[in-house]
Amino acid sequence: MTTLAPPEKPAAPPELRRELIVNLAINLVAPAALFYGLRALGVNQWLALLAGVVPPAVRAVQTVITKRRVDTLAVFTLSILVLSVATSFLSGSPRFLLAKDGWMTAAAGLWMLATLLRTPFLYQVLRSFLGQEARERIERNWLGSPTYRHVLRVATAMWGVVLVLDAGVRVVLAYALPVDRVPLISGLQYVAVYLALEVATRVYARRKSVAAAIAAEVGEETRA
């Protein structure tokens, strides 16, 4: 997720980059690799797709266990995985398993939008992954700057709305395209949507006028 770091430190923190890479590998690369590897061995589409459910499910369970509390997004993910597998068992159709990507994306988008009622998702991400000094700075900005709060809320809303729309496209493609093509196209779609959102968020949040307004509201000097 985007960092909204100050101009002099544009790179994402190592912890956040590592988390993004791990999530990408488990939720995108591993399922696709399992699917196409098993298909190359002659395994049918349904079983190959079912195997791809395992890495995200294990990750969701691990998240709940390691955090020792109920993680809303992890529970959403696990529930959708279980539901899609159960429905697929009843129908025998691999398309139910393909459609799970859409339902998971929709759940993530709706959860982001729900966070707007209290503290927006992007603010929670920043507080979770930035170091102590940076975390204190963003907390100070959050408390003292209406502009900062507005930017985080708008950016979170943008991510949530785009993910919900993206989810609809995924469900349609799951039923419209040949089954063997969907995992690859879905993976490329994830990359394209993420990059577009990341770039749009950075362009929107890192404008000089925004930095100047935040600095004025919290009583800091604007860096040249």
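The values are calculated or read from the model by the stated rules, or taken from the named source; none is laboratory data. Every value quoted in this text rests on a predicted model; they were computed, and no experiment measured them. Virtual Cβ from ideal backbone geometry, glycine too; neighbours counted across all protein chains shown. Just the protein is used for accessible areas: all its heavy atoms, side chains included, with ligands, DNA and RNA removed. Shrake-Rupley method; radii C 1.70, N 1.55, O 1.52, S 1.80 Å.
Points worth noting:
- In this simple spin-label model, placing a label point 7 Å from the Cα along the Cα-to-Cβ direction at both Leu116 and Gln132 gives a separation of 3.6 nm.
- The listed residues Asp180, Asp166, once ranked by accessible area (1.4 Å probe) with the largest placed first, stand as Asp180, Asp166.
- Modelled FRET efficiency - R0 45 Å, Gln124 with Ala40, Cβ distances, 0.05 increments: 0.65
- The heavy atoms of Ser128 present about 80 square angstrom of accessible area, all protein chains included, probe 1.4 Å.
- The overall shape of the stretch 127-168, judged from the alpha-carbon gyration tensor, is oblate: a/c is not under 1.5, and a/b is no greater than b/c.
- Shape category assigned to the stretch 88-224 from the gyration tensor of Cα positions, a/c cut at 1.5: prolate
- When a 1.4 Å probe is rolled over the protein heavy atoms, the share of accessible surface on the stretch 78-224 that falls to carbon and sulfur comes to 68 percent.
- Taking Phe121, Phe96 and ordering them by how much accessible surface each has at a 1.4 Å probe, largest first, produces Phe96, Phe121.
- In the complete set of protein chains, residue-level accessible area for Arg127 is approximately 100 Å², probe 1.4 angstrom.
- In the assembled protein chains, Val191 presents an accessible area of approximately 70 Å² (probe radius 1.4 Å).
- Accessible area expressed per residue, the stretch 128-182, with surrounding protein chains retained (probe 1.4 Å, Å²): 49
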